[in-house]
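Some notes on the structure that comes next.
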Amino acid sequence: MFDFLKRGSAPSQKQIEKLVKRLTEPGGENAPRIEAAEKLAEWGTPESLYALLKRFTISSNVITQDIDEKRMVVRMLVEKGNEPILRFLSSHHNVEWPVQALSEILPHQELVPKLVEILEKVAAASEFTPPEHKADLIRAMRGHVTPEIANVLRQFLADDDDDVRISAIEAISEAGEQVREPLLEAFLAANDRPRIRIRIAEMLADREWPVKGFRPKIEETLPEGFHLTAKGFVRRK
(Lines give C-alpha, C1' and ligand atoms only; values in the text may rest on other atoms or scores of the structure.)
Protein backbone atom coordinates (compact mmCIF):
# COMPACT_ATOMS: atom_id res chain seq x y z
CA MET A 1 0.00 0.00 0.00
CA PHE A 2 2.88 2.36 0.74
CA ASP A 3 5.26 1.53 -2.10
CA PHE A 4 4.93 5.09 -3.39
CA LEU A 5 7.78 6.25 -1.16
CA LYS A 6 11.25 5.51 -2.41
CA ARG A 7 13.57 3.92 0.12
CA GLY A 8 15.81 6.46 1.85
CA SER A 9 13.79 9.54 0.89
CA ALA A 10 11.88 11.69 3.35
CA PRO A 11 8.09 11.66 3.07
CA SER A 12 6.32 14.73 1.77
CA GLN A 13 3.76 16.58 3.86
CA LYS A 14 1.06 15.33 1.51
CA GLN A 15 2.13 11.71 2.06
CA ILE A 16 2.13 12.21 5.83
CA GLU A 17 -1.31 13.84 5.75
CA LYS A 18 -2.67 10.91 3.74
CA LEU A 19 -1.57 8.52 6.47
CA VAL A 20 -2.83 10.78 9.26
CA LYS A 21 -6.28 10.62 7.69
CA ARG A 22 -6.19 6.81 7.96
CA LEU A 23 -4.58 6.89 11.38
CA THR A 24 -7.32 9.07 12.85
CA GLU A 25 -10.33 7.35 11.31
CA PRO A 26 -12.32 6.11 14.35
CA GLY A 27 -14.60 3.71 12.48
CA GLY A 28 -14.02 0.54 10.52
CA GLU A 29 -11.33 -2.08 10.91
CA ASN A 30 -8.16 -1.37 12.86
CA ALA A 31 -5.76 -2.69 10.19
CA PRO A 32 -5.54 0.59 8.18
CA ARG A 33 -4.81 2.57 11.36
CA ILE A 34 -2.13 0.12 12.45
CA GLU A 35 -0.54 0.05 9.00
CA ALA A 36 -0.49 3.86 8.89
CA ALA A 37 1.08 4.01 12.36
CA GLU A 38 3.75 1.50 11.42
CA LYS A 39 4.69 3.43 8.28
CA LEU A 40 4.88 6.77 10.09
CA ALA A 41 7.13 5.17 12.72
CA GLU A 42 9.25 3.51 10.03
CA TRP A 43 9.84 6.82 8.28
CA GLY A 44 11.07 8.16 11.61
CA THR A 45 11.30 11.81 10.58
CA PRO A 46 10.36 14.57 13.05
CA GLU A 47 7.24 15.33 11.01
CA SER A 48 6.12 11.72 10.62
CA LEU A 49 6.59 11.03 14.33
CA TYR A 50 4.69 14.18 15.24
CA ALA A 51 1.94 12.93 12.93
CA LEU A 52 2.01 9.53 14.63
CA LEU A 53 1.12 11.24 17.91
CA LYS A 54 -2.17 12.37 16.38
CA ARG A 55 -3.46 8.85 16.99
CA PHE A 56 -4.01 10.03 20.57
CA THR A 57 -6.43 12.74 19.43
CA ILE A 58 -9.19 10.24 18.61
CA SER A 59 -10.75 7.16 20.15
CA SER A 60 -11.75 4.32 17.87
CA ASN A 61 -15.19 2.79 18.19
CA VAL A 62 -14.00 -0.44 19.81
CA ILE A 63 -12.57 0.42 23.22
CA THR A 64 -10.28 -2.62 23.57
CA GLN A 65 -8.81 -2.04 20.10
CA ASP A 66 -8.37 1.65 20.87
CA ILE A 67 -6.34 0.93 24.01
CA ASP A 68 -4.24 -1.73 22.26
CA GLU A 69 -3.45 0.62 19.37
CA LYS A 70 -2.49 3.47 21.69
CA ARG A 71 -0.20 1.17 23.66
CA MET A 72 1.39 0.14 20.39
CA VAL A 73 1.98 3.77 19.43
CA VAL A 74 3.52 4.43 22.86
CA ARG A 75 6.00 1.60 22.25
CA MET A 76 6.85 3.01 18.83
CA LEU A 77 7.47 6.48 20.24
CA VAL A 78 9.63 5.26 23.12
CA GLU A 79 12.06 3.86 20.56
CA LYS A 80 12.29 7.19 18.71
CA GLY A 81 13.08 9.80 21.41
CA ASN A 82 11.28 12.64 23.12
CA GLU A 83 11.39 15.66 20.78
CA PRO A 84 8.20 14.91 18.78
CA ILE A 85 6.40 14.18 22.06
CA LEU A 86 7.47 17.48 23.62
CA ARG A 87 6.33 19.33 20.52
CA PHE A 88 2.97 17.55 20.60
CA LEU A 89 2.43 18.31 24.31
CA SER A 90 2.98 21.98 23.56
CA SER A 91 0.24 22.05 20.95
CA HIS A 92 -2.38 19.43 21.91
CA HIS A 93 -4.32 18.81 25.10
CA ASN A 94 -4.50 15.03 24.61
CA VAL A 95 -1.61 14.42 26.99
CA GLU A 96 -2.28 11.17 28.86
CA TRP A 97 -0.71 8.72 26.41
CA PRO A 98 2.11 11.01 25.22
CA VAL A 99 3.10 11.60 28.84
CA GLN A 100 3.12 7.84 29.37
CA ALA A 101 5.56 7.51 26.48
CA LEU A 102 7.66 10.39 27.79
CA SER A 103 7.78 8.81 31.25
CA GLU A 104 9.40 5.74 29.72
CA ILE A 105 12.06 7.89 28.08
CA LEU A 106 12.89 10.41 30.80
CA PRO A 107 13.69 9.71 34.46
CA HIS A 108 11.15 11.14 36.92
CA GLN A 109 13.49 13.91 38.04
CA GLU A 110 13.51 15.21 34.46
CA LEU A 111 9.92 14.41 33.47
CA VAL A 112 7.96 16.76 35.74
CA PRO A 113 10.23 19.82 35.27
CA LYS A 114 9.85 19.30 31.53
CA LEU A 115 6.06 19.19 31.91
CA VAL A 116 6.20 22.37 33.99
CA GLU A 117 8.27 24.05 31.29
CA ILE A 118 5.69 23.09 28.65
CA LEU A 119 2.83 24.22 30.89
CA GLU A 120 4.37 27.64 31.41
CA LYS A 121 4.92 28.06 27.68
CA VAL A 122 1.37 26.95 26.93
CA ALA A 123 -0.09 29.29 29.55
CA ALA A 124 1.98 32.23 28.32
CA ALA A 125 1.40 31.61 24.63
CA SER A 126 -2.10 33.03 24.45
CA GLU A 127 -4.99 34.11 26.64
CA PHE A 128 -7.08 31.84 24.45
CA THR A 129 -5.18 28.67 25.37
CA PRO A 130 -7.81 25.92 25.85
CA PRO A 131 -8.25 25.39 29.59
CA GLU A 132 -8.28 21.62 29.13
CA HIS A 133 -4.72 21.83 27.80
CA LYS A 134 -3.49 23.45 31.00
CA ALA A 135 -5.61 21.22 33.24
CA ASP A 136 -4.44 18.01 31.55
CA LEU A 137 -0.77 18.99 31.80
CA ILE A 138 -1.18 19.73 35.52
CA ARG A 139 -2.96 16.40 36.08
CA ALA A 140 -0.10 14.65 34.33
CA MET A 141 2.21 15.82 37.13
CA ARG A 142 0.18 14.14 39.86
CA GLY A 143 2.26 11.83 41.99
CA HIS A 144 5.46 13.77 41.32
CA VAL A 145 4.81 17.26 42.73
CA THR A 146 7.67 18.64 44.81
CA PRO A 147 7.50 21.88 46.86
CA GLU A 148 9.35 23.64 44.02
CA ILE A 149 6.83 22.40 41.46
CA ALA A 150 3.96 23.35 43.76
CA ASN A 151 5.32 26.88 43.97
CA VAL A 152 5.19 27.17 40.17
CA LEU A 153 1.67 25.75 40.04
CA ARG A 154 0.35 28.28 42.54
CA GLN A 155 -0.24 30.75 39.70
CA PHE A 156 -2.99 28.48 38.41
CA LEU A 157 -4.99 28.79 41.64
CA ALA A 158 -6.31 32.04 40.16
CA ASP A 159 -6.99 30.74 36.65
CA ASP A 160 -10.22 31.82 34.96
CA ASP A 161 -11.28 28.19 34.52
CA ASP A 162 -12.55 26.09 37.44
CA ASP A 163 -11.09 22.84 36.10
CA VAL A 164 -7.64 24.39 35.84
CA ARG A 165 -7.90 25.67 39.41
CA ILE A 166 -9.07 22.30 40.71
CA SER A 167 -6.28 20.43 38.93
CA ALA A 168 -3.81 22.87 40.51
CA ILE A 169 -5.38 22.43 43.96
CA GLU A 170 -5.09 18.67 43.74
CA ALA A 171 -1.51 18.75 42.46
CA ILE A 172 -0.28 21.36 44.92
CA SER A 173 -1.71 19.49 47.89
CA GLU A 174 0.85 16.74 47.27
CA ALA A 175 3.58 19.07 48.53
CA GLY A 176 2.33 18.75 52.12
CA GLU A 177 1.08 21.12 54.79
CA GLN A 178 3.41 23.90 53.68
CA VAL A 179 0.83 24.68 50.96
CA ARG A 180 -2.00 24.98 53.49
CA GLU A 181 -1.95 28.79 53.53
CA PRO A 182 -1.97 29.23 49.71
CA LEU A 183 -4.95 26.88 49.54
CA LEU A 184 -6.79 28.78 52.28
CA GLU A 185 -6.08 32.03 50.46
CA ALA A 186 -7.41 30.47 47.26
CA PHE A 187 -10.51 29.36 49.16
CA LEU A 188 -11.25 32.90 50.34
CA ALA A 189 -10.58 34.36 46.90
CA ALA A 190 -13.12 31.99 45.33
CA ASN A 191 -16.19 33.74 46.68
CA ASP A 192 -17.97 33.31 43.34
CA ARG A 193 -16.63 29.79 42.65
CA PRO A 194 -18.54 27.21 44.74
CA ARG A 195 -16.78 24.26 43.06
CA ILE A 196 -13.41 25.65 44.14
CA ARG A 197 -14.48 26.13 47.74
CA ILE A 198 -15.96 22.65 47.94
CA ARG A 199 -12.80 21.02 46.52
CA ILE A 200 -10.52 22.90 48.92
CA ALA A 201 -12.79 22.07 51.85
CA GLU A 202 -12.62 18.41 50.85
CA MET A 203 -8.85 18.64 50.61
CA LEU A 204 -8.53 20.25 54.05
CA ALA A 205 -10.78 17.60 55.56
CA ASP A 206 -8.94 14.71 53.89
CA ARG A 207 -5.51 16.05 54.82
CA GLU A 208 -6.55 17.15 58.32
CA TRP A 209 -4.96 20.56 57.88
CA PRO A 210 -6.13 23.21 60.37
CA VAL A 211 -7.40 26.63 59.32
CA LYS A 212 -5.22 28.38 61.89
CA GLY A 213 -4.88 32.08 61.07
CA PHE A 214 -7.95 32.03 58.83
CA ARG A 215 -10.65 30.67 61.14
CA PRO A 216 -13.18 33.54 61.29
CA LYS A 217 -13.38 34.02 57.52
CA ILE A 218 -13.30 30.29 56.76
CA GLU A 219 -16.04 29.58 59.30
CA GLU A 220 -18.27 32.21 57.69
CA THR A 221 -17.83 30.85 54.19
CA LEU A 222 -17.60 27.04 54.52
CA PRO A 223 -19.79 25.31 51.93
CA GLU A 224 -22.87 23.45 53.05
CA GLY A 225 -21.99 19.99 54.32
CA PHE A 226 -18.82 21.04 56.16
CA HIS A 227 -18.10 22.39 59.63
CA LEU A 228 -15.13 23.41 61.78
CA THR A 229 -14.16 21.56 64.93
CA ALA A 230 -13.15 23.37 68.10
CA LYS A 231 -9.51 22.78 67.13
CA GLY A 232 -9.98 24.34 63.71
CA PHE A 233 -10.16 21.28 61.50
CA VAL A 234 -12.59 21.04 58.58
CA ARG A 235 -14.93 18.09 58.83
CA ARG A 236 -17.74 16.78 56.68
CA LYS A 237 -21.11 16.82 58.42
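The values are calculated or read from the model by the stated rules, or taken from the named source; none is laboratory data. Please read all numbers here as calculations on a predicted model, not as lab measurements. Ideal geometry is used to build each Cβ from the backbone, glycine not excepted, and the neighbour counts take in all protein chains shown. The accessibility values were calculated without ligands, DNA or RNA, using every heavy atom of the protein model including side chains. Shrake-Rupley method; radii C 1.70, N 1.55, O 1.52, S 1.80 Å.
Please compute P(r) over all alpha-carbon pairs of the range 4-133, binned at 10 Å starting from zero, and give each bin as a whole-number percent.
Percent of Cα pairs in each bin: 12, 42, 33, 12, 1.
Give the share of C-alpha pairs in each 5 angstrom bin for the range 75-186, from 0 to the last occupied bin, in whole percents, shortest bins first.
Reading upward from the zero bin: 2, 12, 25, 24, 19, 11, 6, 2, 1.
Which order do Trp97, Trp209 take when ranked by solvent-accessible area (1.4 Å probe, heavy atoms of all protein chains), largest first?
Largest accessible area first, the list is Trp97, Trp209.
In the structure shown, do any of Lys39/Lys70; Lys14/Lys134; Lys18/Lys114; Lys18/Lys54; Lys70/Lys121; Lys39/Lys80 have a Cα-Cα gap over 21 Å, and if so which?
With Cα atoms farther than 21 Å apart: Lys14/Lys134; Lys18/Lys114; Lys70/Lys121.
What figure, in Å² to the nearest 10, do you get for the accessible area of Phe233 with a 1.4 Å probe and non-protein molecules left out?
In the full protein context, Phe233 sits at about 50 Å².
Just to confirm my numbers, what's the Cα centroid distance between the range 57-105 and the range 157-220 in Å?
What the calculation gives is 33 Å, centre to centre.
In whole Å, largest first, what are the principal axis extents of the Cα atoms in the range 66-127?
Ordered largest first, the range 66-127 gives principal extents of 36, 26, 16 Å.
May I ask you to rank His108, His92, His227 by accessible area, largest first, using a 1.4 Å probe over the protein chains only?
Descending order: His108, His227, His92.
When only alpha-carbon atoms are used, what values of Rg and Dmax, in angstrom, describe the chain?
Both quantities, over Cα of the chain: 22.1, 77 Å.
Averaged per residue, what accessible surface does the chain expose to a 1.4 Å probe, in Å²? Numbers along the way, then the final one.
On the way: 12540 Å² over 237 residues.
Per-residue value: 53 Å².
Note down the nm distance, to one decimal, between modelled labels 7 Å out along Cα→Cβ at Glu148 and at Glu120.
Each label point lies 7 Å from its Cα, and together they span 1.1 nm.
Defining a contact as two alpha carbons under 8 Å apart and six or more residues distant in sequence, what relative contact order in percent does the chain show?
Contact order relative to length: 10 percent.
What figure, in Å² to the nearest 10, do you get for the accessible area of Asp136 with a 1.4 Å probe and non-protein molecules left out?
Approximately 40 Å² for this residue.
Could you give me the ³J(HN,Hα) list for the range 136-150, computed from phi with Karplus coefficients 6.51, -1.76, 1.60 and θ = phi - 60°, whole Hz, x at Gly and Pro?
5, 5, 5, 4, 5, 8, 4, x, 9, 7, 8, x, 5, 5, 4
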